[in-house]
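*Asks:* Structure provided below as structure tokens; questions to follow.
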Amino acid sequence: MNTLRLSELGSDPESVLRLVHFFDDLDATGVDAVLTAARVVAGCPVHVRWDGAAPEVWLQREAPAHPLDGVLLDRVRHTLEATSARVPPSFGDPALVEVVLSSRERPEDRARAIRLLGLDESREVRVLAVSAQSSPEALRIITSALTSVSVWTADLGTATAVVCQGRTNTRALSDELDRAIVAAFPAPLPEGADRGPWIGLGAAGGVFAAPTSWGQALRALRFASSTGFGRRAVAYERLSALELLAELPPDATRGSHALTRINEIAATPAGRLQVETAEAFCVFGSLRRTAEELHVHHSTVAARLAHIESQLGWDMDDPLDRFSATLVLMIRRITLSSAELTDDQIGR
């Protein structure tokens, strides 16, 4: 098969035909092969998301758009649909993703779903749990960080599962996702605004261990910041001893005086700003850096912190008090996040 590059083509009818014929003649055996060929032609990453049987395809292009980008995307979609038609018609079905991720299904049913989805049993998978409020644009931000990785998604209850197949480094991936989300949805977030995604990452493992990775992703999701500060993407493997906090029973957290006071303060608009400022200060560590992140004067940060300190009896200059504040605010994030997930999901 001859190689073809979009950079070598113009916008004339002959170039259009060359591009069409290239994909018509492409002897691809699966989604990965189609995307690999498309990336060579485009000269940039090409991503796909399956929504039922219809693929959504887009380019991650930093250079200026090419006149034939639209033709390229159309041919990639057409080729993916033709390729998936050569395997059972339920390829890419979110219901199959749910079977793969459920530990309650019979092993033989999960094995069949793995085959129907086109997952490679010889390669590792990693599952991400994404907050359900994420818009399609938010999911696009996530998948843009998953270069050279095949992705299947399904909405499962109040979270979206993203199954990734392809080698990914845990620390690098969680850091890249966090940076991408913060850049697209910078804090402080206006009340009622789209918070963007918050993500839990399960560990990578064999395809048949996908339910374990999904469970880990859901647990890690409870530590991700749904309030705008703190980590937006948290990997289960990086929690270490902090994972023990997820075992705290609801009654234990409801009995915390500090947590009760923080929630009472946050119940008013002015109080919400004070709590968010305290959370940001615990993350960024200095008045000036916090002020830069919040786009306010450092004296405003100091005044808000002083109110929290007077209400809780904290001194943010004291290492023990700052640790206590960080811990309470983290438990609060876990409580808020857990309230948006069902017990049924966490127990899958």
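The values are calculated or read from the model by the stated rules, or taken from the named source; none is laboratory data. This one's a predicted model, so the numbers in the text were calculated from it and none came from an experiment. Heavy atoms of the whole protein, side chains included, go into the accessibility calculation; ligands, DNA and RNA do not. Shrake-Rupley method; radii C 1.70, N 1.55, O 1.52, S 1.80 Å.
*Asks:* Keeping all protein chains in place, calculate the accessible area per residue for the chain (probe 1.4 angstrom), answer in Å².
*Replies:* Accessible area per residue: 47 Å².
*Asks:* From the phi angles alone, apply the Karplus equation (6.51, -1.76, 1.60; θ = phi - 60°) to segment 208-224 and give each ³J(HN,Hα) in whole Hz, x where the residue is Gly or Pro.
*Replies:* 6, 9, 4, x, 5, 4, 5, x, 5, 4, 5, 5, 5, 4, 5, 8, 6
*Asks:* While we're looking at this one, here's another question. What angle do you read, to the nearest 10 degrees and between 0 and 90, between the alpha-carbon axis of helix 319-339 and the longest principal axis of the chain?
*Replies:* 50 degrees
*Asks:* Let me know the volume per residue of the alpha-carbon convex hull for the chain, in Å³.
*Replies:* Output value, Cα hull per residue: 143 Å³.
*Asks:* Evaluate the relative contact order of segment 107-192 (contact order divided by residue number), counting alpha-carbon pairs under 8 angstrom at least 6 apart; express in whole percent.
*Replies:* 31 percent
*Asks:* Quick one: plug the Kirkwood hydrodynamic radius of segment 179-304 (C-alpha pairs) into Stokes-Einstein at 10 °C, 1.306 mPa s, and report D in µm²/s.
*Replies:* Diffusion coefficient, whole number: 98 µm²/s.
*Asks:* On the accessible surface of the chain, probed at 1.4 Å, how many percent belong to carbon and sulfur atoms?
*Replies:* Carbon plus sulfur share of accessible area: 53 percent.
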